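Derivation of every value follows stated rules applied to the coordinates shown; laboratory data play no part. Remember, predicted model here, so these are calculated numbers, not experimental data. So basically every Cβ, Gly included, is an ideal-geometry build from the backbone, and we count neighbours across all protein chains shown.
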Amino acid sequence: MNVLKVAVKVRGLSAIDMRTAAAQSLVEWRNELLSDLGGKENVSSQRLALVDMAVRTRLYIDHVDAFLMEQKSLLNKRRKSILPVLRERQTLCDSLARLLGQIGLDRVEVDGGSIPP
């Protein structure tokens, strides 16, 4: 996970193999977010930075989810507790929810520029 975080932090989403379905889904989600905000041309640079952080956070969540699905159990039977990575996932989800709240949850309608009669 740390290697993925560093690579994405340094190179952005270009650090991911865009041929994979997961990467394509992530880029599609980013484009949908921007579309919901009225298009990239109508999004401030601050909001665009928040969108990029949200996309990265979702990438991390997806990565952790894949790891968790490979585990035989989410419980540490010796310690009688859940795996620590499950708590980390919840922290990432909370972070994503906060970012999406800052970006705005309402769809922005763009005026098509009607022609006066």
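Restricting the trypsin sites (Lys or Arg not before Pro) of segment 60-99 to loop positions (DSSP other than H, G, I, E, B) with no more than 13 neighbouring Cβ atoms within 10 Å leaves Lys72, Lys77, Arg78, Arg79, Lys80. With all projection directions averaged, the alpha carbon convex hull of segment 37-117 covers 7.4 nm².
Using R0 = 30 Å, the C-beta based FRET efficiency linking Ile82 and Gln24 works out to 0.40.
Rounded to the nearest 20, the size of the Cβ-charge dipole of segment 28-117 about its Cα centre is 960 debye, with Lys and Arg at +1 and Asp and Glu at -1. Considering only Val64, Val51, Ser81, the residue lying farthest towards the positive end of the dipole of segment 40-83 is Ser81, judged by Cα position with unit charges set on Cβ.
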